1. So which of A:Lys10/A:Lys100; A:Lys69/A:Lys212; A:Lys69/A:Lys131; B:Lys69/B:Lys143; A:Lys6/A:Lys156; A:Lys10/A:Lys341 end up more than 30 Å apart, counting from Cα to Cα?
2. Using only the heavy atoms of the protein chains and a 1.4 Å probe, how would A:Glu239, A:Glu64 rank by accessible area, largest first?
3. Give me the dipole magnitude in Debye, nearest 20, for the protein assembly as shown about the Cα centre, with unit charges on the beta carbon: positive for Lys and Arg, negative for Asp and Glu.
4. Expressed as a whole percentage, what fraction of the accessible surface of the range B:52-282 belongs to carbon and sulfur atoms when a 1.4 Å probe is rolled over the protein heavy atoms?
5. Tell me the net charge near A:Arg110. Cut-off is 14 Å between Cβ atoms, A:Arg110 excluded, with +1 for each Lys or Arg and -1 for each Asp or Glu.
6. Based on DSSP, what percent of beta bridges with both residues in the protein assembly as shown are antiparallel, to the nearest 5?
7. Report, as an integer, the average count of C-beta atoms from other chains found within 10 Å of each Cβ along A:63-76.
8. The range B:170-219: which residues show an accessible-area loss of 50 Å² or more, assembly versus chain alone, 1.4 Å probe?
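The values are calculated or read from the model by the stated rules, or taken from the named source; none is laboratory data. Just so it is clear, the model here is predicted, and its values are computed rather than measured. Cβ placement follows ideal geometry from the backbone for every residue including glycine, while neighbour counts extend to all protein chains displayed. Heads up: the accessible areas ignore ligands, DNA and RNA and are worked out on the full protein's heavy atoms, side chains in. Shrake-Rupley method; radii C 1.70, N 1.55, O 1.52, S 1.80 Å.
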Amino acid sequence: MEVQVKNLRKEFDRFPALDDVSLGIRSGELIALLGPSGSGKTTLLRLIAGLETPTEGAIFFGDEDASRKTVQERNVGFVFQHYALFRHMTVLENVSFGLKVRPSATRPSRQAIRERALELLDLVQLSGLEKRYPAQLSGGQRQRVALARAMAIEPKVLLLDEPFGALDAQVRRDLRRWLRAIHDTTGHTTVFVTHDQEEALELADRVVVMNKGRIEQIGTADEVYDAPGSPFVYGFIGESSSLPVTVEGGQVLIADRPIGLTATDVPDGKALLYYRPHDIELLDGCGGCIAGTVAASRRVAGTRRVELEVGGARERVEVELPIDHPAAQKSRIAFRPTRWKLFPMGEGRPEEKMSVSRSQPLQRELAPAEF
Amino acid sequence: MTTTTAETGWHFRRPSVIPGFGLTLGFTIAYLTLIILIPLSGVVWRSASLGWADFWTIATDERTLQALKISFGASLIAALVNVAFGVLVAWVLVRYSFPGRRIVDAVVDLPFALPTAVAGIALTAIYSPNGWIGSLLAPLDIKVAFTPLGIVIALIFIGLPFVVRTVQPVMEEIDREVEEAAATLGAHRLQTVSRVILPSLAPAIFTGFALAFARAVGEYGSVIFIAGNIPYVSEIAPLLIVIRLEEFDYAAATAIAAVMLAISFAMLLVINLIQAWSRRRYGYGS
């Protein structure tokens, strides 16, 4: 089912949680809503589900205006971060709940409900556990019950709110692949919310990057990573460094000296230069480059990440160097980004500098094999 | 658990990192013995001195049977009424915010704090045929004060906070998401309440019911004012015990007390078993 979100606005006590958001979701697509906390991604998901009512705007499921319908009528499958299973019901009763509460005219027979529920439990690989209570299951198993329960009502769209947020890293990775497989077999139009970019990029057909109640960029994993549309996306997805520069006649200057980059399509004036720490070339002499003194050096997996202080303002940037590079303290290193992007600065900086590293903490010690 | 006990033999207790088990358990047992077990075994002891035949005569005496029936019957009805309205009151207090909510919340506790005799006098004043509510009910030919109905009203009054205070915290912990999940699955409000919320409150409701019931069985102060205390009609068992004591018939008094004790114990045991079963089922105990 195709989903159209049109000029959606949602205010909580006059505070806009979502501001004029429009989004088209194709039938059968797997979409990730990615953003930091408070970016409005969960609000958008809840609005699609009908758990919140929009202040302005409309949501269409196909040609139907779903915003006029109640949650119950919308027929969406919703999976919550903390599972929200009915703990006084067995796994089987949980999964069949959505069918059992239907009015008798549309309710399948008891036998049919049971068969459908068992079929779904088989799909989520929980056969044999149908008599268990949620308290007797692990986190990963509970979330799979929740997914089976949501799919039992043959939903028009499947909405998942940080579905793997409460699980540990290893289980999360496994479930991610498994969810992709389920999506490919069932073909539900699926929207899921996450703050984990790795999850979004790996799992989704398209990623919707959100910030401060607005959509910053919509695109495939390649598009948002390789061609970030805004400083925020550049900073939020993957590693990045930024540096204030001046553009003059197509030349990029730092402290009035050209750094060997040409930008013909950027108007003259102040701008921010964004690049990824690994997209650089090291230079020996400096006839047009960025040069800085080494302020800190860290070993990160297979590379060495070095913080440089550049120019009189001592702006800090990061570069990735090969392990065998000495990168001694206070030594000078010259480099030039090979892939980069300029964002003209209007009044003030367009965005907070986001040179913080965003590597995921490794929590392998918490990862049991079962999930 | 079971494997370790199998390996290392039977242990009085499983090793724990929390110190003080011996001291606290010893204190608990000594305390319970002094405060509860010794006085209660006194009741059994005194009534045992009676001899079986005498005991049976007193226990099956028509007046005793009627008093027991009224005591337990009225307590049961009152506890059931309290379950219904106590859950409702808890719902209002937990789910809605309105001006004066804290005051209502505090009012619920009044029956705890008020001397029950005061409550009895107040209720009698209101429900007697020339009282506020009694005078309204009189034309409808409903008599409350000085009838078993009055006993039920008094017992509802003193039992209400027990249900509210046991259900309220559990209700506060119900995850909003569970209700939202039910709604997205197509369940309407009534279905959500009856199939999701109430079942998950069941253990707390059982506890509240047991407490309200137990409290009602033991109630004396408020009932004797409103009941009218007509033998065979509105005389409760605790009052009959007092009457026997005033007649210096200690044996009869303890015999009735022993019967009450046995019935109360049996009922609380059954309620606790149901509760344990439902807790296990809903995964609270594990």
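1. Numbers: A:Lys10/A:Lys100 33 Å; A:Lys69/A:Lys212 27 Å; A:Lys69/A:Lys131 35 Å; B:Lys69/B:Lys143 20 Å; A:Lys6/A:Lys156 18 Å; A:Lys10/A:Lys341 33 Å.
Too far apart for the 30 Å limit: A:Lys10/A:Lys100; A:Lys69/A:Lys131; A:Lys10/A:Lys341.
2. Numbers: A:Glu239 30, A:Glu64 80 Å².
Ranked list, largest accessible area first: A:Glu64, A:Glu239.
3. Details: 67 positive and 69 negative charges, 197 e Å.
So the magnitude is around 940 debye.
4. C and S atoms contribute 71 percent here.
5. Numbers: positive: A:Lys100, A:Arg102, A:Arg107, A:Arg114, A:Arg116; negative: A:Glu93, A:Glu115.
Here the count lands on +3.
6. Numbers: 60 of 78 bridges.
Around 75 percent antiparallel, to the nearest 5.
7. Numbers: counts 0, 0, 0, 0, 0, 0, 0, 3, 7, 10, 1, 3, 3, 3.
Other-chain Cβ atoms within 10 Å of each residue's Cβ, averaged: 2.
8. Residues of the range B:170-219 that lose at least 50 Å² of accessible area once the other chains are added: B:Glu177, B:Glu180, B:Thr184, B:Leu185, B:Arg195.
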